[in-house]
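What follows is calculated from the coordinates using simple rules that are stated; it is not laboratory data. Keep in mind it's a predicted model, so treat the numbers as computed, not measured. Note that we place each Cβ from the backbone using ideal geometry, even for glycine, and neighbour counts take in every protein chain shown.
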Amino acid sequence: MSTIPVIDISHIILQQQGNNNDFSSREETKISALIIDALQEHGFFNLTGHNIEDSLFQKVFQRSKAFFLLPYGEKSAYLMRGFEAFNKFGYVPNKLEKFDSKKPCDLKEAFDFMPAIATNQTFHKIKIFTDMQSELFEKFQKLTLFLLQLISVGLNDRENIISQSHNEIGNENNWTTLRTLYYPTLNEKECTERVWCSEHTDYGSITLLYQDHVGGLQVLNACGDYIPVVPRKNSIVVNAADLLERWSAGRIKSIKHRVVVNNPKSSRQSIAFFCQPNNDVNIEPLFSSKDEVILDCYKQSVLTSEYLNKKIQNTWPKD
Ligand SMILES: O=C(O)CCC(=O)C(=O)O
Ligand SMILES: [Fe+2]
């Protein structure tokens, strides 16, 4: 496998806009099977025909870049307050997070946005930026719920446990986060590693990612080789994360990925929507049919909030 599949949802998304909430049409069943196959085999796919306008992504890119290019003194007024998942709002400086404990810190800056926290803040100076993030958050939220419904159909989750477990996105009981990322240009010394963001898997249910034209995202394939996820115009990269893998008892894979530096003289931007189940959801394999053999590593249920906090704390400095 040298590339990830492309899935076009334009037909079914139009039907849904007409308020048809029936997910059993032939077209939907077909698309949900394609999604499950892609997540099962590659953990990733490129989504096209979604209904988020490219101009909104471009506007968020512009606003974020303007923010990230401010002097540190100004950005530090918005520093993220702590590493707990419920605090994930604000600026994350360069070389702070470490996805791989054996490697140097990641060479990236980020701004995390959660509506429940944003509404408690009065950041007048960056209001246009946060308003825009709020608009994008809502659109990603709708699209994500739509994809989760298709995943529920494809996994034969008749009670819609997966999609129902995300009904509090945007509220305090759910830590779904919109993150805008900025990967700066690098000097020769920093370049020796040639990695902007080290190898990791994502933590929650699914991640939606919009990347600019620079490239650098790579995904591990079944042979253990990293393959590039080449930027495609108007498409969103979707990948499965750890909790969805657990829910599906390993049928769906949360695959390792990283961002390498293609060109140290060019900065890179991306926007990630990290979709998480509600905090109080216990994740355990959905299938209990007698024929289904469940591997030991998935048998123990995990509480979403505990899992996310543990993973996020591991990426932050220890002192
Ligand atoms: O920026 C990217 O392309 C991917 C970033 C990523 O994988 C992450 O932040 O979890
Ligand atoms: Fe990731």
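Counting only whole DSSP H helices of the chain, the ones at least 30 Å long by C-alpha along their axis and with mean Kyte-Doolittle hydropathy no lower than -1.0 are 127-154. For the cross-link pairs 65/265; 189/256; 88/311; 75/125; 65/189, the ones whose C-alpha atoms lie over 18 Å apart are 189/256; 65/189. Going from the residue with the fewest nearby Cβ atoms within 10 Å to the one with the most, 134, 254 rank 134, 254.
A DSSP coil position with no more than 10 other Cβ atoms inside 10 Å describes the following trypsin sites (Lys or Arg not before Pro) in segment 104-160: 158. Restricting segment 144-187 to GluC sites (Glu not before Pro) that sit in a DSSP loop and have at most 14 other Cβ atoms within 10 Å of their own Cβ leaves 159, 172.
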